């Protein structure tokens, strides 16, 4: 992983990315690369491109901002919508919303502003804290939203808390229609590799179909990007990516409980 915004601030020169199973030793003798584990099949977390990484990061030779714009264009190509404006669920949905708006030939507007002092609500430890965080972290711009058919682009829906609050906020602000577009496939399976998304029972797409989620969050439309569309937009071979949170194909064994969806048919995508 090459994170240019950190390295450049230190005046460093980027040589190359550190490979899996490799370590870098920096001491008075200089910089040395050492392999401590055998190289196996690469399984890079695709959710870095969707959400976690900063847009100015470069991952496996790909700029995250540009990848997210391609994801937005792919989302429009799979599911066009009639709308007046495109807005983003701030801030990680912004590049995808820009790509979506360009593909749709619609104006991209800043309809929601994020409170910079509130963190990522989907990883808060309790539902009460998540809901409180959503209520105070996003502020609407009424003059942009009122009487408009809104296409709002979010990077993902994990538990559904934020999406429902955003849709409600847009309607309360006067949006005529709210069409929710998700720049990733349904998030169906827990991550066992360092991200605390808890059990499948906490993941809304593992319990409900897309239509049921649409009704739960109160949107006029709900559309997800397909796994195939995501892979094409990223631009890497699928075998180089970990897509386990979307398709349940874990690169390392996690046991039978990690491969269950709780609702038959809920994992069929759109």
Yes or no: residue 223 assigned to a helix (DSSP H, G or I), under 17 Å from the mean Cα position of the chain (by Cα) and in contact (Cβ under 8 Å) with a residue 40 or more places away in the chain?
no
Screening 35, 68, 40 for residues that are closer than 24 Å to residue 166 by Cα and either touching a residue at least 12 places away in the same chain (Cβ under 8 Å) or under 19 Å from the mean Cα position of the chain (by Cα) (or both) leaves only 68
**Message:** Criterion first (free of Cβ contacts under 8 Å to residues at least 12 places away in the same chain, touching a strand residue (DSSP E or B) at 6+ places or on another chain (Cβ under 8 Å) and under 27 Å from residue 252 (Cα atoms)) does residue 24 satisfy it?
**Reply:** yes
Only one of (1) surrounded by fewer than 20 Cβ atoms within 10 Å (Cβ to Cβ); (2) modelled with pLDDT of 95 or more does not apply to residue 196, and that is (2)
The helices (runs of 4 or more DSSP H) lying wholly within the range 112-178 that contain at least 1 residues that are under 25 Å from residue 74 (Cα atoms), modelled with pLDDT of 95 or more and in contact with a helix residue (DSSP H, G or I) (Cβ under 7 Å, 6 or more places away or on another chain) are 142-145, 161-172
Sole miss for residue 56 among (1) closer than 20 Å to residue 158 by Cβ; (2) assigned to a loop (DSSP other than H, G, I, E, B) is condition (1)
Of the residues in the range 59-98, those that are at pLDDT below 95 and part of a strand (DSSP E or B) come to 59
Only unsatisfied item for residue 189, checking (1) over 21 Å from residue 246 (Cα atoms); (2) modelled with pLDDT under 95; (3) in contact with a helix residue (DSSP H, G or I) (Cβ under 6 Å, 6 or more places away or on another chain), is (1)
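The values are calculated or read from the model by the stated rules, or taken from the named source; none is laboratory data. In this text, all values refer to a predicted model and were calculated from it rather than measured experimentally. Here Cβ is always computed from backbone atoms with ideal geometry, including for glycine, and neighbour counts include all displayed protein chains.
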